[in-house]
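J.: This is the structure, below, for whatever I ask next.
The values are calculated or read from the model by the stated rules, or taken from the named source; none is laboratory data. This is a predicted model, so every value here is computed, not measured. When we count neighbours, we look across all protein chains shown, and the Cβ atoms used for this are built from the backbone with ideal geometry, even at glycine.
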Amino acid sequence: MIDLAIIGGGPGGYVAAERAGAKGLNVVLFEKRELGGVCLNEGCIPTKTLLYSAKVYDYAVHGEKYGVSAPGVTYDFGKIVDRKNKVIKKLVGGVGAKMKAHKVQVVKGEAKIKGRSANGIEIECNGETYYVVNLLLCTGSEAFVPPIPGLKEAGDIIMTNREILDLKEQPKSLVIIGGGVIGMEFASFYNSLGTEVTVVEMLPEILGGLDSEISAMLRDIYAKKGIKFHLSCKVTEIKGNEVVYVDPQGVAASAKGDKILVSVGRRAVTAGIGLENLGVEMNRGAVKVDNKMRTNVPNVFAAGDVTGFSMLAHTASREGEVVVNNLTGRPDVMRYNAIPGVVYTNPEVAGVGLTEEQAKAQGIEYRISKLPMAYAGRFVAENEGGSGLCKVLVGAKYGEVLGVHMLGNPCSEMIYGACLAIEQEMTLKEMEEVVFPHPTVSEIFKETVFSF
């Protein structure tokens with residue numbers, strides 16, 4: 001009998017499989033494409049690989065700011081894409097090695113739940129039936145493509161995050177529908193390489209859900225780099241390579257591009273799995289779970305994007321861990337108050353905990369402190385002419401850290417410290433007693449705390 005079957009080999013599935021295998025469970029992992037899921041193959045890793053190439057190119061082109069001259073710097077778009085593919089292949093292989101090391105049975109194929117019998121939950125894949133005690137659903141998400149008139153007729157001009165990663169030639173112009181994380185990261189990459197980029201966003205600001213002040217600062221930086229932003233604009237039609245939208249005044253306008261990227265959000269993948277054969281309860285197209293990642297069906301769990309809540313790879317991994325911990329005798333619950341969010345533009349954006357907008361909406365009394373990144377000596381040394389900001393929110397009564405939001409390199413590598421502070425409910429006094437290494441950009445966190 002199989003102790004745990006996992007459908008989906010992304011960050012939720014393969015991490016859960018590794019943890020379960022390490023704890024001695026008999027585990028089978030079903031994946032219909034490649035191990036690593038969307039994150040490793042079509043999302044997190046490939047985009048960050050591309051963005052790093054763009055960052056290296058940026059530094060080379062603007063090296064004179066640091067006293068380094070590199071005239072005639074060029075790039076090879078094909079080689080950048082080839083390196084991305086090489087990185088993916090290496091990491092997929094690494095995940096496979098982990099599965100083997102922990103004796104996880106990996107089955108490549110499309111699994112379907114058939115129901116429950118006296119032998120356990122029945123799962124069919126590649127014509128074979130597997131009987132399992134526990135089932136973890138990690139089927140992830142897919143790009144949501146809205147029913148915009150003319151979109152289907154535009155053919156291969158239209159792309160999602162999957163298609164844009166497989167481009168063989170760099171487009172001279174690109175229109176991005178949606179100024180969220182995915183949209184802004186691709187905007188950053190192509191802007192660095194000289195593509196004319198236009199972003200059309202329905203909300204009043206890019207990066208909805210993140211700190212609005214920092215989002216506005218990033219938009220201003222990229223506007224100066226040449227990206228055109230059209231905010232509070234609703235797309236009404238696509239005519240070939242032309243995106244037609246209505247501006248805030250109700251006036252119709254349009255933007256043309258060799259390619260059009262649609263990045264307006266993602267939705268849980270639940271169709272064709274056989275959830276109806278077990279009677280799994282849904283919530284707005286996603287699998288409904290409690291704080292132990294349990295569905296309404298005994299012995300059936302879900303983690304990651306399929307729950308439709310926090311669609312981030314690291315969230316999925318932690319949710320998978322919660323499931324395995326509870327299955328192996330360690331009581332555990334999922335908490336979402338310290339889940340970091342990062343945007344890998346240049347400069348980077350990172351945040352965790354409450355934003356000012358969220359604190360106000362929830363009626364939470366807070367105090368706020370903010371400092372330019374230039375207060376950190378190493379930031380000045382390594383970011384000539386660069387701008388950035390660190391904001392810290394604390395509770396008004398006890399001074400506990402509620403939220404931290406940053407703009408500036410390399411805040412993606414610094415934000416975990418803020419995650420720990422929020423998770424451990426650290427106060428201003430406790431933060432002041434922590435020794436930070438000098439000189440590091442991370443000192444900005446302590447300096448901002450000290451400035452309350």
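J.: Quick one: Gly93 ticks every box in (1) closer than 20 Å to Glu18 by Cβ; (2) without any contact (Cβ under 8 Å) to a residue 12 or more places away in the chain; (3) in contact with a strand residue (DSSP E or B) (Cβ under 6 Å, 6 or more places away or on another chain); (4) not β-branched (Val, Ile, Thr) bar one, so which box is it?
T.: (3)
J.: Right, next: Only one of these is surrounded by 18 or more Cβ atoms within 10 Å (Cβ to Cβ), at positive phi and either at pLDDT 95 or above or among the aromatic types (Phe, Trp, Tyr) (or both): Gly13, Gly37, Gly21, Gly8. Name it. Quick ask: steps written out before the conclusion?
T.: Working: Gly13 fails: at positive phi; Gly37 fails: either at pLDDT 95 or above or among the aromatic types (Phe, Trp, Tyr) (or both); Gly21 fails: at positive phi.
The conditions single out Gly8.
J.: Ok, one more. For segment 68-89, enumerate the residues that are farther than 15 Å from Tyr57 by Cβ and in contact with a Ser or Thr (Cβ under 6 Å, 6 or more places away or on another chain). Don't jump to the end; show me each part of the working.
T.: Initial filter on segment 68-89 (farther than 15 Å from Tyr57 by Cβ): 69, 82, 85-89.
Scanning segment 68-89 gives a single hit, Val87.
J.: Here is a further query. Check whether at least one residue in segment 326-345 is in a helix (DSSP H, G or I) and in contact (Cβ under 8 Å) with a residue 40 or more places away in the chain, and report yes or no.
T.: Within segment 326-345, one or more residues are in a helix (DSSP H, G or I) and in contact (Cβ under 8 Å) with a residue 40 or more places away in the chain.
J.: Somewhere in segment 345-358, is a residue polar (S, T, N, Q) and farther than 30 Å from Asp220 by Cβ? Steps first, answer last, please.
T.: Of the residues in segment 345-358, the ones polar (S, T, N, Q) are 345-346, 355, 358.
Then keep just the ones that are farther than 30 Å from Asp220 by Cβ; that gives none.
No, segment 345-358 contains no residue that is polar (S, T, N, Q) and farther than 30 Å from Asp220 by Cβ.
J.: Another question about this same structure. Going through segment 236-267 one residue at a time, which ones are in contact (Cβ under 8 Å) with a residue 60 or more places away in the chain and part of a loop (DSSP other than H, G, I, E, B)?
T.: Once the filter is applied, which keeps residues that are in contact (Cβ under 8 Å) with a residue 60 or more places away in the chain and part of a loop (DSSP other than H, G, I, E, B), segment 236-267 yields Gly240, Asn241, Gly257, Asp258, Ser263, Val264, Gly265.
J.: For segment 264-314, which positions are over 20 Å from the mean Cα position of the chain (by Cα), basic (Lys, Arg) and closer than 23 Å to Thr160 by Cβ?
T.: Arg284
J.: Continuing with this model, one more query. Does at least one position in segment 91-108 carry a residue that is surrounded by 14 or more Cβ atoms within 10 Å (Cβ to Cβ), assigned to a helix (DSSP H, G or I) and small (Gly, Ala, Ser)?
T.: Quick first cut of segment 91-108, residues surrounded by 14 or more Cβ atoms within 10 Å (Cβ to Cβ) only: 91-92, 95-96, 98-99, 102, 104-108.
Filter once more, keeping what is assigned to a helix (DSSP H, G or I): 91-92, 95-96, 98-99.
If we keep only those that are small (Gly, Ala, Ser) too, we end up with 96.
Looking through segment 91-108, at least one residue is surrounded by 14 or more Cβ atoms within 10 Å (Cβ to Cβ), assigned to a helix (DSSP H, G or I) and small (Gly, Ala, Ser).
J.: Then there is this: So which residues in segment 107-143 are among the β-branched types (Val, Ile, Thr) and in contact (Cβ under 8 Å) with a residue 60 or more places away in the chain, if there are any at all? Working first, answer last.
T.: First, pick out the residues of segment 107-143 that are among the β-branched types (Val, Ile, Thr): 107, 113, 121, 123, 129, 132-133, 139.
Matches in segment 107-143: Val107, Ile113, Ile121, Ile123, Val132, Val133, Thr139.
J.: Then there is this: At pLDDT 95 or above and either buried (at least 20 other Cβ atoms within 10 Å of the Cβ) or more than 23 Å from Ile206 (Cβ to Cβ) (or both): is that true of Ala359 in this structure?
T.: Values: at pLDDT 95 or above: yes; either buried (at least 20 other Cβ atoms within 10 Å of the Cβ) or more than 23 Å from Ile206 (Cβ to Cβ) (or both): no.
It is false that Ala359 is at pLDDT 95 or above and either buried (at least 20 other Cβ atoms within 10 Å of the Cβ) or more than 23 Å from Ile206 (Cβ to Cβ) (or both).
Okay, residues lined up against (1) farther than 22 Å from Lys114 by Cβ; (2) crowded, with 21+ Cβ neighbours inside 10 Å:
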residue	(1), (2)
Ala271	no, no
Asn283	yes, no
Asp290	yes, no
Asn296	no, no
Phe301	no, yes
Gly308	yes, yes
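J.: Here's something else I'd like to know. Can you pull out the residues in segment 359-391 that are over 19 Å from Leu218 (Cα atoms) and either among the basic types (Lys, Arg) or under 21 Å from the mean Cα position of the chain (by Cα) (or both)?
T.: Residues satisfying the conditions are Lys360, Arg367, Arg378.
J.: Just to be sure I understand the filter: pairs with C-beta atoms under 8 Å, separated by 6 or more residues or on different chains, first member in segment 15-36 and among the acidic types (Asp, Glu), second member at pLDDT below 95 and assigned to a helix (DSSP H, G or I). Which pairs pass?
T.: As it stands, the answer is Glu31/Gly37; Glu34/Leu40; Glu34/Asn41, since those pairs meet every condition given.
J.: Please go through segment 406-445 and pick out each residue that is at positive phi and buried (at least 23 other Cβ atoms within 10 Å of the Cβ). Reasoning before the result, please.
T.: Within segment 406-445, the subset at positive phi is 408, 425.
Once the filter is applied, which keeps residues that are at positive phi and buried (at least 23 other Cβ atoms within 10 Å of the Cβ), segment 406-445 yields only Gly408.
J.: Quick one: which of Tyr75, Tyr57 is assigned to a helix (DSSP H, G or I), closer than 25 Å to Glu169 by Cβ and among the aromatic types (Phe, Trp, Tyr)?
T.: Answer to the check: Tyr57.
J.: Any idea how many residues of segment 401-448 are touching a Ser or Thr at 6+ places or on another chain (Cβ under 7 Å) and not small (Gly, Ala, Ser)? Break it down stepwise before answering.
T.: Initial filter on segment 401-448 (touching a Ser or Thr at 6+ places or on another chain (Cβ under 7 Å)): 403, 405, 414, 417, 436, 448.
Narrowing further to those that are not small (Gly, Ala, Ser): 405, 414, 436, 448.
Here the count works out to 4.
J.: Being in contact (Cβ under 8 Å) with a residue 24 or more places away in the chain and in contact with a helix residue (DSSP H, G or I) (Cβ under 8 Å, 6 or more places away or on another chain) is the requirement here; does Thr270 meet it?
T.: Numbers: in contact (Cβ under 8 Å) with a residue 24 or more places away in the chain: yes; in contact with a helix residue (DSSP H, G or I) (Cβ under 8 Å, 6 or more places away or on another chain): yes.
Yes: the conditions hold for Thr270.
J.: Quick one: Ile206 ticks every box in (1) over 28 Å from Leu137 (Cβ atoms); (2) in contact with a strand residue (DSSP E or B) (Cβ under 6 Å, 6 or more places away or on another chain); (3) surrounded by 19 or more Cβ atoms within 10 Å (Cβ to Cβ) bar one, so which box is it?
T.: (2)
J.: Given the criterion within 29 Å of the chain's Cα centre (by Cα) and closer than 26 Å to Val323 by Cα, identify the matching residue among Lys86, Lys90, Lys108.
T.: Values: Lys86 fails: closer than 26 Å to Val323 by Cα; Lys90 fails: closer than 26 Å to Val323 by Cα.
From the options Lys86, Lys90, Lys108, the qualifying one is Lys108.
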